[in-house]
Amino acid sequence: MVIRKTSAQIEKMRAAGAVLARCINEIVQSIEPDKTTTQDIDEISEELIRKYKGIGSFKNYRGYPNTVCVAVNEEVVHGIPGSRVLRTGDVVGIDLGVIIDGWHADSAVTVAVGGQTSPEAAKLLKVTKEALFKGIEQARPGNRLSDIGHAIQSYAERRGYSVVRDLVGHGIGRNLHEEPNVPNYGPPGKGVRLEEGMTLAIEPMVNIGGYEVETLQDNWTVVTKDRSLSAHFEHTVAITKSGPDILTLMPMEET
Ligand code: MF3
Ligand code: CO
């Protein structure tokens, strides 16, 4: 069952989304190339969430040991923070969830450490973010769920990339994960009809090589099978009468 939210509930999720957008922005600003470790990112995430009076959604979720997921280069998602130092040119995914007043928001970005990377990596980041926005555009009443994934897949594959199949986006609200699953691939016009009040976390994972992934021995870190670079962007979106309303945008962020 897809739980639709009232506009008052969406305003609560917007409050969580605003805090989350600030946290992610400040985390990204804090990265010092060749100095910051992924564990530092975890500590900074905890401090920021505390500063904004939120609760991290990921810690202890199905046994996940940390506040943030940090995925470097060929890591796709769910990277566990540790002693790895972030190097100039690494592409690092920061995925964070917060709860404010019982309501969740979930968002992720992938950035180049030090603001510079290879042209190939820079293009992957740009196309993955654009693919997310192509999917978000489809999150409007009257469309079907699979219109979102179809838009994402078409956009990414037309540019020579592949879209991860094994992990998907999700409904979100009082829980981090609610129905429906939101795949980033598939034919258009299938699945539930989208309605006002649905709230979705849309989160494409796009690879330079093949779409296949595998999970490392730590039971969390998902990497590309061919160890090609991967990028991940995510926003929490409410479906309104007039179309998608992105709850996790930074005020100055361009859409
Ligand atoms: N954004 C991810 C998701 O929606 C993060 C969950 S990681 C976990 O699934 F550690 F909390 F499981
Ligand atoms: Co998510």
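The values are calculated or read from the model by the stated rules, or taken from the named source; none is laboratory data. For clarity, every value in this text was computed on a predicted model and none was experimentally measured. In this analysis, Cβ positions are derived from the backbone assuming ideal geometry, glycine residues included, and neighbour counts consider all displayed protein chains.
Points worth noting:
- Summed over the range 173-192, the residues that are assigned to a strand (DSSP E or B) and either in contact with a Leu (Cβ under 8 Å, 6 or more places away or on another chain) or more than 22 Å from HIS150 (Cβ to Cβ) (or both) give a count of 2.
- Applying the set (1) modelled with pLDDT under 95; (2) closer than 17 Å to ALA122 by Cα to MET250 leaves exactly one unmet item: (2).
- Annotation: GLU26 fulfils all but one of (1) touching a helix residue (DSSP H, G or I) at 6+ places or on another chain (Cβ under 7 Å); (2) surrounded by 16 or more Cβ atoms within 10 Å (Cβ to Cβ); the unmet one is (2).
- Any hit, the range 194-207, residues being outside any loop (DSSP other than H, G, I, E, B), hydroxyl-bearing (Ser, Thr, Tyr), within 16 Å of ligand 1 (Cβ to nearest atom) and closer than 27 Å to GLU11 by Cβ: yes
- The strands (runs of 3 or more DSSP E) found entirely in the range 215-255 that carry 1 or more residues being surrounded by 24 or more Cβ atoms within 10 Å (Cβ to Cβ), in contact (Cβ under 8 Å) with a residue 60 or more places away in the chain and not β-branched (Val, Ile, Thr) are 230-232, 235-240.
- Test result for ASP42, surrounded by 17 or more Cβ atoms within 10 Å (Cβ to Cβ), out of contact with any Leu (no Cβ under 9 Å at 6 or more places or on another chain) and either under 21 Å from ALA122 (Cβ atoms) or modelled with pLDDT of 95 or more (or both): yes
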